Amino acid sequence: MGTTLTAKNAGSIASVFVIAIEGYEFLLTTGLPAAAVTAWAVTDWTQALGGAYVDLDNEQSIDPYAPIGGGGKCVIRVVPTAGDRFGIDTHRKFSGAETQLVESIHRGTGTLKVLSTAAFDASGYVYIGTECISYTGKTSTVGAVPPTFTGVSRGRFSPFKTGRIPETNYAHDHRVTLDPNSVLLQPVVSSLPRVWRGRWVAIYEHRVVDGVLDTHAEAHLAFAGRVVDIEDDGKAVSVECEHVLDVVQSATVGRQLWSANVKDGVYLKEFNSFLMIDSGGQAERLWVVSGTPASAYEMTQGYYTNEDLHARIEAYWAQALIDGDLTGSYSIYVDESGDSPRTVIHWSVSTSFTFIVPDLAAQLMGFGELGNNFGSVWVNDSGNGGARDFLSNFPPVRSIVDKSGIIDNGRLSFEVTDERGTFISQTDSLPAVFDSSIDPTRTWGLFLFDGNVTILAAYTVTGTTIELKNAKLSPVNIGPAYNDDLTSYSVPWDDASPGIPVRQILVLSAPTASFLKLITYSTGTVGHNHESFDALELGAGLAIPGSLLGSTFEASCDALPGATESVVSIIDKTTTLKDLIEGDLILRRAFLNWHNGTLRFGSWRVPTRDAATITLDESNKATPADTTDDHRTHSRESTEWQRPIARIYYDRDITDLSTNDGYRSTVTLEDSTAVDDMGGSGPLVTIKVRNAFGEDAGVGANIKSLIANFLATMPMFSRPGRILTRTITPTLVEQIALGDIVLVTDNTVRDSITGIRSVEEVPAVVVRKSDTPGGGVEGQDKASDPTATVELFVTSFSARPEANYAPTADVDDTYDAGDFDAGYNSLTKVLRCYGYRYGDDGSVIAPLFADAEYFPAGSRVRVTERDPLDGTTPQYWDDIVASQSVDDITLTTGLSGWDSTKAYRVTPDTYGDSTTAQRLKSYQADTADALIENTGAPYLYSGTFGAAQYAENMNSTIGIELPPDLHGTDGAGRDVGTEQALQRTLDNFADDKSAISLPALSNVVMTNTTFVNGWKLLSYTPIFLGTELLSSDVWRELALAPFYRSSDGSTVQLRVSLCRNSPSGATVNTVSLGGILDSATWSTTNTNWEVGTTIEVDCRRKAFSGRAWIVIEGTYKVETRGLALCQESERLYTNNWWVPI
Amino acid sequence: MSRLEAFFTVPAATTVSATNSGGGPTSVSLTAGDYTPTLFVAHLVARLNAVRTPANWSGSLSSTTGLVTLNCTGTWALTFTTAAAGTVIGFASNIGSGAVAVAGTQNARGLWLPACTLTMQGDPISAPEVTDTRTVETPQGGTVTLGGTCKYVHRGLRWSHVARDRVMFGAETTVYASLQSWLRDTQWGRGHAWFTPGSKFQPYWSNGATHAIVGSDLNAGAGATYGWSCAPAISSLEQVTKRADESWIGMLSVELSRITSEG
């Protein structure tokens, strides 16, 4: 019998609300409880309570500068029924059995380890936070295993499920924390529900037919949100809920990011040693040992602060004095009395001393210069009698961070302490630009070190020791340049901070669509909420239940402008989602909204007639029947969003957030005419784009490309707009979404051309929608009235309404059936056109129209030769469409002189010759008077984002062409076919014509006649592959084919490698290749010269400079003259971007 | 005669102990659930007959006196192990061994006998529906109607002449027989523990010689399954009573302005 939503959209409906609260075993309903239970028969719920009243105020709006708005609110009032069950359940906080978790559980954990299970039933439900968990058994303490609930089923009574297929219950994380920076109250496990705030709430509207409710699957999800407040006024319990849009708006990411302190002091390694010699003799060496010291002349390998080191050295000297090896008396300390602190060796009795100190210890104490690693430093002094002080040449430092010195390939390594949060491995998820910097067998992350330097390091745990190893400067330009050697990094003596902080910076890299899915789905339990997109660690995602997202949400992400462009988001601290992506969404003109029971993204579009989905006229205004309303539409010219100047901040430096929140670059966009029209000044909008960097950053969306999109629709908001406010019938509430384009026909609204009341089919954008369904009111017999209003945005930056491109149909030049010849039947005057080259194929916008269907009977058309040899003299005819059917256009006069060797395009005739209906599309003006054929201003079409927009770099089978001049003349239609032809040609220039081709054949035969057991270097040469940024989803390949043979008929191999650096080695045999990007190998026994099979190698990981090296190596008896083919491909594009599993 | 019978909730583990010619004392458990006095007497007798055989137990609730009478063939005795099970039907103490019918000493709780004819605004046979139906209207006269929930409402239930002893607690001739006692028990939560504030009830009206339940056309003649509620609540005796004759205090009129039911 259909669904509630279908019935609701169709007209009058009888319905009741059924409310499901997360973790609560009773449904609430405005109708009869038994009927609700029946309707929810296949769910967890088997019980329901009546007595609910729903006060639902849906309120959504879109704002070009606030892309994540709220969604209204809902208050559920529950009068006491069934023994006041709901009131008791929501207010009983300390009843029933209670224990605590002793071990954290994630969303998939199947056992609950607690302090005690004794007071709990043998089976049943337990509650932790907002989650209800059923169990079938329990154990007591067994050995070291704490009491446990077994047979656990998580997320019982989940109003929203996960996004898995099939869907599963939605559970939560419950963390047992030992972090001293956390409140150490562990999760309570109770036999009765205790926590209500934060529970997810679903309010379903069920149609009622003859007392029977639509099933849960057929019902309409009217509200989704979470409990924010529970109130009891002595008569009933009120549950206030926030809308899921508000949940998203305030949600944070980047919680629990890993942080720690670098261990203070200096790390002394095994085999380091100190030696003291004075005028009386030479002490034994003081050795650093890996184990427990065996004597006073040994010290343990590890970290030593200055204070630690001084104590240990003084003990060494004292022991040497006791042993009679030294004669002098020595002490060591830091003197802070001067302008600059110095380490002082106070000595007496002897007449000279020499103290040999390991270099890192010497640097710590100021005896050696930082960064100078000579193995050891000699400290000596001499003098006659009396006490003397020897001062270090340099100030001591608090810490020498590097523990490895020059050992770890010049990279920084250090141990940390005071670890907090959870380290998130990003080995597999760092942007491609990092790939050459990491060893994939280790666990990598990006860190902010000492609040000053961003480093890329491997996180290593050995027993209880936690180290960051192999650290190097971040290859991504997100902080200030740090030019010194990291291994010499030290912390000054006067740095009084509690520790040297190091914390992880999360880098999320994915195409925009995937990024948004990852952020919204991820719960921290991989795969819990979605098979693919629940992949980020706890705190890195929003954990919105998947059933609120689903395929609709995912499709909306995919349809966003720039959905395939990469986003690299750097999360350096707890951040609201709003702050994280607001700038990106604004630049993409995108917004989040709630419609038909799911979250989805939408995007601003220029209102055009063609894009309209519904007509709003008098027939669908509505007010409560017993009220007096004149049904007038309110209209105002609004400057609310008018921002003729936009200042965009980007290129954020996370190490200097105190200055302008870290943004280093700005660009200001101005609609100068709009500013002048406002009297010379206009309001400014500031847009901070966290995830956009400069062209040379090597990561993320290029700010230039984002700005280009933004500019295209800027006139919508740089000039005043008109806002119309009117009512709509309840039937339209779920049929109209924010951002939809509607046609307004209203005789109370003034026309912007004539000034007279009455407009007809003016396109407008729905920018606000509010409704309340009304319904029963507690204690009253009269129901509250339903109301619904919308606000509509009409642009006024042109006196003429905006319009779409003029249509195009390409004649099918391959169609020769019957009397057709290259797509034209001269006997019937019928043109056969290609079906869906420029129209939509129906997958995005229904209904489906073939290209030819945009030229109905009566249309005036121009049939023009495509890609003529001479653009000034193309062959063309003007004609009138006699009839039209599917892909066929029947002409009135016919095309005399049809040339079947050519291809043709059908477009509208010139403006003057076109029909009135055709003139609603875009036509071109000349530059002389900016008027179309001297008659009127052209339509100001603008960038309209959407899934159907032309995507650059899409491989096309149509081919390139140079459009004839008459497509660009005064009065010509601005047709979509010519626009795309130009775009394809430009694409071709960028993707094919500019690709590198570097065949390199030598007149000298290069051969390996000496090295039998491996590869011999035969040739290497640099190749410039351009500085364009390639990524995991847009890249090029290099097609290679060698010219080679076997000199004696034996099997020989030739290997060509594309390398980041030039090869190195002492000989040409088995050289060390400089970072192989990709390689290919050919094999032959042919003694005649041949060109090897073409093999494509991946060249996206070239150096920033664009340079790479082609290295040719061969096995014994191979001969080659080099590469017969070395051809870079066009840019390649895929949807197979990185999706973490 | 018309009457009001309120529902009360028998808790789990409610028992009586019965002795009769078949033996005893035998513990008889009563089924937890919601009962009116009439339903409870019937349930008690049924349980006694089921458990303490031979099944010669009988019981009745007088529609004139409000007293419950229990009996069994031969010598019998009944101990209200759960004391509330006795007090709710007017037995302030256990029934000792004997061979005769025994009547309670107090009016059954939740039962009010006004000894007066019930009149009301609507038809007592029916249960008038009140829905949340609402309509919006377009400028052109089109309408969209929403609705879905339904409740049943009666107004103006009136007993025009009720003797003072059936209204005022202080004038009671049978303990708990007054409207004031009924309100204390069933509406205000100030009386017997088995009632809750705002307890639902079944009104009966005189249909010729028989007593018929108000709204009997619901549920195939069975009436409202869970009874009716006073809405708005009765917060005082004064709210529902006034002198039938201004000059005399012996007779009062009682009016419940509005009662609702979910059917």
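The values are calculated or read from the model by the stated rules, or taken from the named source; none is laboratory data. Remember, it's a predicted structure, so these values are computed and weren't measured experimentally. Don't worry about glycine lacking a Cβ; one is built from the backbone with ideal geometry, like all the others, and counts go over all protein chains shown. Areas reflect the complete protein model, heavy atoms only, side chains present, ligands, DNA and RNA absent. Shrake-Rupley method; radii C 1.70, N 1.55, O 1.52, S 1.80 Å.
Numbers for the structure displayed
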quantity: Solvent-accessible area buried by A and B, counting both chains, probe 1.4 angstrom, square angstrom; calculated: 2000
quantity: Cross-link partners of A:LYS829 among lysines (Cα-Cα below 27 Å; sequence separation of 8 or more within a chain); calculated: A:LYS902, A:LYS921
quantity: Net charge dipole size for the range B:112-261 [Lys, Arg +1 and Asp, Glu -1 on Cβ; Debye, nearest 20]; calculated: 240
quantity: Where the Cα pairs of the range A:817-914 fall when distances are cut into 10 Å bins, in %; calculated: 16, 47, 31, 6
quantity: Compactness index (Cα Rg / 2.2 N^0.38 Å), chain A; calculated: 1.17
quantity: Residue-normalised accessible area of the protein assembly as shown, given per residue in Å² at a 1.4 Å probe; calculated: 41
quantity: FRET efficiency for A:ALA917 and A:GLU670, using Cβ-Cβ distance with R0 set to 30 Å, rounded to 0.05; calculated: 0.20
quantity: Residue pairs, from the table A:LYS621/A:LYS782; A:LYS8/A:LYS235; A:LYS161/A:LYS517, whose Cα atoms sit over 27 Å apart; calculated: A:LYS8/A:LYS235
quantity: Quotient of Cα Rg and 2.2 N^0.38 Å for the range B:112-261, N being how many residues it contains; calculated: 1.24
quantity: Ranking by accessible area, most exposed first, for A:PHE149, A:PHE390 with a 1.4 Å probe; calculated: A:PHE390, A:PHE149
quantity: Rounded percent of accessible protein surface that carbon and sulfur make up, chain A, 1.4 Å probe; calculated: 50
quantity: The range A:136-293: translational diffusion in µm²/s, Stokes-Einstein, Kirkwood Rh over Cα pairs, 25 °C, 0.890 mPa s; calculated: 106
quantity: Heavy atoms of B:LYS151: accessible area, 1.4 Å probe, square angstrom to 10; calculated: 50
quantity: Theoretical FRET efficiency, 1/(1+(r/R0)^6), r = Cβ-Cβ of A:ARG442 and A:ILE165, R0 45 Å, to 0.05; calculated: 0.85
quantity: Eligible lysines near A:LYS469 by straight Cα distance, threshold 17 Å, same-chain separation 8 or greater; calculated: A:LYS263, A:LYS269, A:LYS403
quantity: The range A:1-81: trypsin sites (Lys or Arg not before Pro) in DSSP coil with no more than 11 other Cβ atoms inside 10 Å; calculated: none
quantity: Reachable aspartates and glutamates from A:LYS1117, criterion Cα separation under 17 angstrom, eight or more residues apart if same chain; calculated: A:ASP1048, A:GLU1090
quantity: Ellipsoid semi-axes in whole angstrom, largest first, where each is sqrt(5λ) of the Cα gyration tensor of the range B:3-111; calculated: 21, 15, 11
quantity: Solvent accessible area, Å² - A:LEU275, 1.4 Å probe, full protein context; calculated: 10
quantity: Accessible surface ranking that places the most exposed of B:HIS161, A:HIS216 first, with a 1.4 angstrom probe; calculated: B:HIS161, A:HIS216
quantity: For the protein assembly as shown, share of DSSP beta bridges that run antiparallel, in % to the nearest 5; calculated: 95
quantity: Estimated 222 nm signal from helices in chain A, with DSSP H stretches of n ≥ 4 weighted -39500 (n - 2.57), rounded to 500; calculated: -3000 deg cm²/dmol
quantity: Cα-projected label distance for B:THR26 with A:GLN875, points at 7 Å along beta-carbon direction, nm; calculated: 11.1
quantity: Inter-probe distance in nm under a simple model that places probes 7 Å from Cα toward Cβ, at A:LEU192 and B:SER97; calculated: 4.5
quantity: In degrees, nearest ten, helix B:37-51 long axis to first principal axis of chain B (Cα); calculated: 40
quantity: Rounded accessible area of B:ILE249 (nearest 10 Å², 1.4 Å probe); calculated: 90
quantity: Listing of the range A:1-36 residues, each with accessible area lower by at least 40 Å² in the full protein assembly than in the chain alone (probe 1.4 Å); calculated: A:SER12, A:ILE13
quantity: Residue order for A:VAL152, A:VAL288, A:VAL102 - accessible surface, 1.4 angstrom probe, largest first; calculated: A:VAL102, A:VAL152, A:VAL288
quantity: A:SER883-A:SER331 pseudo-label distance in nm [points 7 Å out on the Cα-to-Cβ vector]; calculated: 11.5
quantity: Estimated 222 nm signal from helices in chain B, with DSSP H stretches of n ≥ 4 weighted -39500 (n - 2.57), rounded to 500; calculated: -3500 deg cm²/dmol
quantity: Additional length obtainable on full extension of the chain from A:THR1021 to A:ASP1048, 0.36 nm per residue less Cα span; calculated: 7.0 nm
